[in-house]
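Data block below; observations after.
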Amino acid sequence: MSKKRLTAVMSACAVISALTITTVLTNPVSASARSAPAPAARKAAMPGAFSARRVQAEVRPEEVAALGQDQAKALAWARLVARDPQDDYPQSLRTASLRALTRSQRAANEKFDSSEFGLFRKYFQSPDFGDHIALLPTGKVLLFSFERIETNPTKEPAPTNTTGPDNAGRAWMWDPAKGYGRSAFTKVTPPTVDMPDGTSSPRPAPFFCAGHAYLPNGMLGVFGGNLGGKGGSGAKLALVFNPWDEQWYLNKDLSVGRWYPSVVTGADGRQLIFSGQSENGWGTPTPVVERFPAQGFRLPVNKTDVPQGWPADRFKQDAPFTTDYPHLFSLRDGKIYALGRDASQQWLFDPVKQTRTDLPPRPDGMSRNYGSAVALPGGYRGPKSALVLGGDRDDPNTYKLSGGKWTIEKPRAFGRTQDDTLVLPDGTLLTVNGAVDIRDYGNGTYNPKADLKYRQIELRDEQGNWKLGPVQRLPRGYHSNAVILPDGRIMITGDELQELANDPDITDDNNGSIEIYEPAYLHRGPRPKLDSVSETSLAYDAEFKVTTSTPEDVQRAVLVAPITSTHSVDTSQRQLDLRIAKRDADTLTLEAPPQAEAAPPGYYMLFLLNGRGVPSMAKWVQLNPDGEMG
């Protein structure tokens, strides 16, 4: 046994001895008291940094019976440390790194005027890494990822190449209305499944590395995941998260495994599932396109329409991408624009005719890494163009596809991969996050020391001009995400390597982190008021009324689709203007989008904006494909 390992085991055993002696010499305590040791004791009993699941699997029933749960867990810790002491990245490094990033962020951001550049306001811990994220129509945020297998940020923490019980998924919800502490988070564990990996070990569904999009009733369809092994092999999982009862529902397996697929909701409300590495492992992306729910199954429009055990069916045309996680956009013509990372793989799919036609190759001529792309605002008729931004560290250019033609648009300050770009309520763009490459922040792979330029956000005005803004706390790259909240703030999370490298307490289960950015529009005076909406279920091309106690301050009304993203891919976000048909004192008559091609059926945030671009607090409305108002 090495000296390092022996030291770790002796430390653990010393703690166990102390705990055992205390149990013997003191009066018996209640079971509840034994299950909640003092924080100091709990931390002392954790010389390594193993997941709670891994520790529990090591606990022996006879030790629980003889010593109690806490002491049995301490013995389990000692055995794990003896086999694999994970103390080679000490807490002191993590603490020092977070302090340094906090100081440098504060110093860098002093020069930025919040009314022009916005402001980073909050930073707090989260129980999930946030590799996948979705804003729910309840205002809560769903975060999901995996049970970590490593806490050293110079190693791979994800169980991509792991089979068996350690290859497991996890999920949490954050309720912004409850603040920033642990009580604001609720665990929403995915269904238990027995994956076909030959281990016969049921575990929470390993749905990380999946693709996802919203159904018309606000539920989230999640497809694919991690089978485990072979450098990234796809699971056939098909799940739905129901925000109304906050439960997961399992559906019939897909026809093929998908690791890193993309999913888009079309104008008909059904979801098309593209690409992803198959169950045969890395280098075997599937060309098969599937549709959920299958034709013949009703479209889930109402809150009570819960897909469970529903199948997908096969779309008639394949999508032969050679890379995974393509960008997908449903634009105002009702077609699906499937934009691959390889410049030559750009296709147009017709969901009605089930056909595929070629689009011109992207002008850069390169195969890009993971990077952002957005559907650009196009007024009340919905977006007609898409902008490809990130994915190449050496290329700051942006590429616009409109009318079947590409143009090179104004560049950002520098190229970045792993970035996230959002379309804000006022129609401007915001880029956050970014890195040199996958797990590379500028100083080599799996080195959390970062080139700090990637912390700096970028802002694009309505004329397409970019400017650099303030800096984030963490330099988040691979697996980073961001969403627009109903109050107009931006939630930024993800990138477990940086989260682990800057964790203020690696011994607890709060190993993720979240940062809140307030865009400049929240620093330009009072908000306009959106007091009520006459109908929350809207038919297309129909009028509805809203009331406002600041009618003189309302210049625009917009719909903003909620964001669900991973790996810089978000097929759902969308911003479109609504026509103001009439003004009558404190009542505005608005026109819903003209048809589903402008905005696919589902839930949207309704904002009122003033002349300075300041948004109201949002209210949720549903675009109902059945034409029902209510």
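Numerical summary
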{"read-out": "Solvent-accessible area, 1.4 Å probe, carbon plus sulfur percent, for the chain", "value": "51"}
{"read-out": "Once the Cα gyration tensor of the range 402-558 is diagonalised, semi-axes √(5λ) in Å", "value": "35, 21, 15"}
{"read-out": "Cβ-placed point charges (K, R +1; D, E -1), dipole of the range 240-357 about Cα centre in debye, nearest 20", "value": "320"}
{"read-out": "Phi-based couplings in Hz for the range 111-126 (Karplus 6.51, -1.76, 1.60; Gly and Pro marked x)", "value": "7, 9, 6, 5, 6, 10, 10, x, 8, 7, 10, 10, 9, 8, 7, 9"}
{"read-out": "Label-point separation, residue 245 to residue 547 (7 Å along Cα→Cβ), nm", "value": "3.5"}
{"read-out": "Label assignment, Rg and Dmax of the Cα atoms in Å derived from the structure, set (i) 26.0, 93; (ii) 39.1, 146; (iii) 24.9, 81", "value": "(iii)"}
{"read-out": "Residue-level accessible surface for residue 466, protein heavy atoms, 1.4 Å, Å²", "value": "40"}
{"read-out": "Burial ranking of peptide ranges 207-219, 249-261 (average Cβ count within 10 Å, highest at the top)", "value": "207-219, 249-261"}
{"read-out": "Theoretical ellipticity at 222 nm over the chain - DSSP helices of four or more residues, -39500 (n - 2.57) apiece, nearest 500", "value": "-4500 deg cm²/dmol"}
{"read-out": "Phi-based couplings in Hz for the range 183-195 (Karplus 6.51, -1.76, 1.60; Gly and Pro marked x)", "value": "5, 7, 10, 10, 7, 10, 5, x, x, 7, 10, 10, 5"}
{"read-out": "Table column - 3J(HN,Hα) (Hz), the range 152-169, Karplus curve with 6.51, -1.76, 1.60, x for Gly and Pro", "value": "7, x, 8, 10, 7, x, 8, x, 4, 9, 10, 10, x, x, 6, 8, 9, x"}
{"read-out": "Selected from 275, 428, 265, residue furthest toward positive end of dipole (the chain; charges at beta carbon)", "value": "428"}
{"read-out": "Options 213, 65, 304, ranked by Cα towards positive dipole end of the chain, top entry (Cβ charges)", "value": "65"}
{"read-out": "Solvent-accessible area per residue, Å², over the chain with all protein chains present [probe radius 1.4 Å]", "value": "36"}
{"read-out": "Nearest-20 debye value, the range 464-562 charge dipole, Cβ charges on Lys, Arg, Asp, Glu", "value": "580"}
{"read-out": "Electrostatic dipole magnitude of the chain [Cβ: Lys, Arg +1; Asp, Glu -1; Cα centre; debye, to 20]", "value": "880"}
{"read-out": "Cα lying deepest toward the dipole's positive end in the chain, options 189, 630, 328, charges on Cβ", "value": "189"}
{"read-out": "Sum of side-chain charges, residue 482 neighbourhood, beta-carbon under 12 Å (Lys, Arg +1; Asp, Glu -1)", "value": "-3"}
{"read-out": "Other-chain or far-sequence residues with amide H under 5 Å of residue 602's (modelled H)", "value": "623"}
{"read-out": "Spacing of the two label points (7 Å from each Cα toward its C-beta) at residue 107 and residue 467, in nm", "value": "2.5"}
{"read-out": "Straight-distance crosslink candidates among lysines, where the alpha carbon sits under 19 Å from residue 335 and sequence neighbours closer than 8 are dropped", "value": "316, 353, 384, 400, 405"}
{"read-out": "Separation in nanometres of the label points that stand 7 Å from Cα toward Cβ, at residue 408 and residue 280", "value": "3.8"}
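The values are calculated or read from the model by the stated rules, or taken from the named source; none is laboratory data. Not measured: the values here are computed from a predicted model. Don't worry about glycine lacking a Cβ; one is built from the backbone with ideal geometry, like all the others, and counts go over all protein chains shown. For the accessible areas, the whole protein counts, side chains as well, though only heavy atoms, and no ligand, DNA or RNA atoms are used. Shrake-Rupley method; radii C 1.70, N 1.55, O 1.52, S 1.80 Å.
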